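Asker: Sending over a structure as structure tokens; questions will come in a sec.
What follows draws every value from the coordinates through simple rules; no lab data is involved. The model shown is predicted, which means the values in this text are computed figures rather than measured ones. Here the Cβ is made from the backbone with ideal geometry for all residues, glycine too, and neighbour counts use every protein chain on show.
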Amino acid sequence: MIQDRIKQLRALMAERKIDVYYIPNEDDHLSDEYTADYFKCKSYMSGFSGEAGCTIITKDFAGLWTDGRFFTQAENELQGTGVTLMRLRQEGVPNPIDFLIANTPKNGVLGFDGAVVSARNYLHLTQALKEKNAKLYTTEDLVGMVWGKERPTMPTEELYVLPKKYTGEEASERIARTREAMKASNCDAILLTALEDPCWLLNIRGNDIACTPVSYAFAVITNKKLYYYVDAKKINAKVAQYFKDNKVTVRPYNALMKDLQKLEGKKIWGDMGHLNSNLYKALAGNEIYDAISPVAYFRAIKNKTEIKNIRNAHVKDAVAMVKFIYWVKNTVGKGKMTEVTAQDHLYALRAEQKNYIEPSFETICAYQENAAMMHYTATEEKHAAVKARGFLLVDSGGTYKDGTTDITRTIALGGLTAEEKKLYTKVLKGHLDLLHAKFLYGTTGNNLDILARNPLWNDCIDYQCGTGHGVGHVLAVHEGPHGIRWGMPANGKAVILQEGMVVTDEPGVYLPHKLGIRIENEMIVQKEEKNFYGQFLSFEDITYVPYDRDAIDTQYLSDEEIDWINAYHKMIWEKIGPLLSGKEKSFLKKATGKITRA
């Protein structure tokens, strides 16, 4: 099937004299992870279902690039496709852009759909290929031609308003703040292309992408006008009135490019990393102010109302998680349990909670060796039985009207070896060291990442992914522009951590074909002491689910780290214990009991 699709694509390439064709993971808004099914071209042409990477097709080569989170999954899914796995950031493997440049021949043609490639990459490729007198072909979506009538349609789910009691601000206040930022940068307009930005700005949400409450829409803000580009089918009478009240002019989703082409001599704020190349070309004749959207910064720093609601969401989420862990530990080995039945049970427990909307991402419920695939998904067709031995890694979250949650717990099921306990404890040690960090204002996540990795690096072990990511408020579970990682962002600009930012802390160990261990909490950046040296910051832990005592080997923990665990567990018992009853409450009491050295 995949080989036939590649053959059809190569025929289209030959007709257009295209030598290399680039198929990224992004949509028209350059969402680089979660997209609607309509945009899953990379997966359609390679067979790889993971949410990160790209596919490149030449006349005699087909490759799939992805990062370390997905190596094992890609190995499995690419079998028999004729597509070669290209392991990103591994020795001897060029990055996709460098590969495109190197493999486009002199006087040749590189092709891609201009709507799903950033202006930044478009300009870089244009400049690099000049030396070869090579050209770009970006006017057609060739994968769409191969896909044909079988391609999923664009989603048209209705919009809804998220009230001020959840957001803490009216849309008018957010619009005013954004205009102030625009004027401060002497811009005539701001083009919002990231899906989360118009949603945050207008306090609206959608359902166009599974597990992410956003809608496919663009927004353009000027000094006096706000244009919202969206499919009219998504707007019901209530939302239409809401837009009218907030002086929002609704335009057809596909009208944006023509509207931009009418602009001349303006200074437009547009993030070149989130501005697709087609829109960039439509703005010819205007100055583009290339900077991260002010809305991206605004939504990253949660206000007091959002923080209060996020804490509430985590309390409810903890109730569901504690019930789930109790169920797992008391069911495994006594009846048939699979990864699918376990994750379905967790979905049901979350759905019982007040203001629950949907999962914040597809649950990763992975037993033993499957957990080595960082973003593994169990399905009815392919899953493992869960046995009373080893680890069950569960990375999950919920979207509530109050906020968005993301938590990972690796659950000990029995019969752990000394080495397995050591690995769990080393992961926990790094997790704790980051969680309890104090740092000066001006610190970025890059500065802190080593705290989580150091206990593993001391044993020459690493995890091939970032340590933490931002989390949206009733938006995407993975949010920028901040994060905690040792590598620099693609734009080369690390963002400082500021009070009110939410970020995860999730180190791990992944041994291919053996096991995976990850521990993840969410944290809010908060102020500490301000003195002669400057403003110090720290993290508030807002995840209220105990670590697994059955997996901890205290010989690898300092006295201070043991005290941290005991204080954390005491807080959980006081906060979550009153919300449970019966055996589940008794389980939590034991799970949060004081840890002492053996």
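Asker: Pull out a ≥ b ≥ c, the square roots of the eigenvalues of the alpha-carbon gyration tensor of the stretch 323-393, then state rounded if a/c is under 1.5, prolate if not and a/b is larger than b/c, and oblate in the remaining case.
Answerer: oblate
Asker: Using the Karplus curve 6.51 cos²θ - 1.76 cosθ + 1.60 with θ = phi - 60°, work out ³J(HN,Hα) for each residue of the stretch 276-290 in order, rounded to whole Hz, and write x for Gly and Pro.
Answerer: Per-residue couplings from phi come out as 6, 5, 5, 5, 4, 5, 5, 8, 4, x, 10, 8, 9, 8, 7 Hz.
Asker: Another one. With no solvent and one point per C-alpha, what does the Debye sum give as log10 I(q)/I(0) for the stretch 2-150 at q = 0.13, 0.16, 0.20 Å⁻¹?
Answerer: -0.53, -0.83, -1.36
Asker: Now, a different point. Along the principal axes of its C-alpha atoms, what lengths does the chain span, in descending order and rounded to whole Å?
Answerer: 70, 55, 51
Asker: Would you order 581, 43 from fewest to most other beta-carbon atoms within 10 Å of each residue's own beta-carbon?
Answerer: Working: 581 9, 43 20.
Placing the least packed residue first, the sequence is 581, 43.
Asker: Kyte-Doolittle cut-off -1.0, length cut-off 27 Å along the helix's own axis using Cα: show which whole DSSP H helices in the chain pass.
Answerer: What comes out of the filter, once short or polar helices are dropped, is 304-331.
Asker: Could you work out the per residue convex hull volume over the alpha carbons of the stretch 457-581, in cubic angstrom?
Answerer: 199
Asker: Tell me, 16, 69 in order of fewest to most beta-carbon neighbours within 10 Å?
Answerer: Starting with the residue having the fewest Cβ neighbours, the order is 16, 69.
Asker: Using a ≥ b ≥ c from the Cα gyration tensor of the stretch 375-494 (square roots of the eigenvalues), is it rounded, prolate or oblate, where a/c under 1.5 gives rounded and otherwise the larger of a/b and b/c decides, a/b for prolate?
Answerer: Details: a/c = 2.08, a/b = 1.26, b/c = 1.65.
In terms of gyration-tensor shape, oblate.
Asker: What is the dipole size for the chain, taken about its Cα centre, with +1 at each Lys and Arg Cβ and -1 at each Asp and Glu Cβ, in debye to the nearest 20?
Answerer: Computed charge dipole of the chain: roughly 880 debye.
Asker: At 7 Å along the Cα-to-beta-carbon direction for both residue 15 and residue 59, put a label point, then send me their distance in nm to one decimal.
Answerer: Result: 1.9 nm between the two label points.
Asker: Another one. Dipole magnitude of the stretch 423-495 about its Cα centre, charges +1 at Lys/Arg Cβ and -1 at Asp/Glu Cβ only, in debye to the nearest 20?
Answerer: Working: 6 positive and 5 negative charges, 20 e Å.
It comes to approximately 100 debye.
Asker: Among the listed pairs 308/354; 382/422; 40/106, give every one whose C-alpha distance is greater than 19 Å.
Answerer: Listed pairs above 19 Å: 382/422; 40/106.
Asker: Would you mind working out the magnitude of the charge dipole of the stretch 2-150 relative to its Cα centre, with +1 at each Lys and Arg C-beta and -1 at each Asp and Glu C-beta, to the nearest 20 Debye?
Answerer: 620
Asker: Once you have the alpha carbon radius of gyration of the stretch 109-189, what is it after dividing by 2.2 N^0.38 Å, with N set to its residue count? Show your work: numbers first, answer last.
Answerer: Values: Rg = 20.7 Å, N = 81, 2.2 N^0.38 = 11.7 Å.
Rg over 2.2 N^0.38 Å, computed on Cα atoms: 1.77.
Asker: On to the next question. So for 199, 460, fewest C-beta neighbours within 10 Å to most, what's the order?
Answerer: Fewest to most other Cβ atoms nearby, the residues stand as 460, 199.
Asker: Give me the one-decimal Kirkwood hydrodynamic radius in Å for the stretch 160-292, with the sum taken over alpha-carbon pairs.
Answerer: The Cα-based Kirkwood calculation yields 15.2 Å.
Asker: Take the alpha-carbon positions of the stretch 49-98, form their convex hull, and give its projected area averaged over all directions (one quarter of the hull surface) in nm².
Answerer: Projected over every direction and averaged, the Cα hull of the stretch 49-98 covers 3.6 nm².
Asker: So what's the back-of-envelope 222 nm ellipticity for the chain, counting only DSSP H runs of four-plus at -39500 (n - 2.57) apiece and dividing by all residues, rounded to 500?
Answerer: The helix-only estimate for the chain comes to -10500 deg cm²/dmol at 222 nm.
Asker: Take the alpha-carbon centre of the stretch 536-598, take the same for the stretch 354-410, and report the distance between them in whole Å.
Answerer: The stretch 536-598 and the stretch 354-410 have Cα centres separated by 21 Å.
Asker: So which of 266/493; 238/401; 266/401 end up more than 28 Å apart, counting from Cα to Cα?
Answerer: Long pairs (Cα-Cα over 28 Å): 266/401.
Asker: Report the local net charge at residue 101: Lys and Arg +1, Asp and Glu -1, summed over other residues whose C-beta lies under 14 Å from its C-beta.
Answerer: +1
Asker: Return the Cα extents of the stretch 301-562 along principal axes one, two and three, sorted largest first, each rounded to a whole Å.
Answerer: Each principal axis gives a Cα extent; for the stretch 301-562 these are 61, 43, 36 Å.
Asker: Once you put a point 7 Å from the Cα of residue 180 and another 7 Å from the Cα of residue 454, both along the Cβ direction, what distance in nm separates them?
Answerer: 3.9
Asker: Which links in 165/583; 165/527; 316/336; 334/589 stretch past 31 Å when you go from one Cα to the other?
Answerer: Exceeds cut-off: 165/583.
Asker: Straight-line reach from residue 514: which aspartates and glutamates have a Cα under 13 Å away, not including same-chain ones fewer than 8 places off?
Answerer: Reachable aspartates and glutamates: 369, 419, 420.
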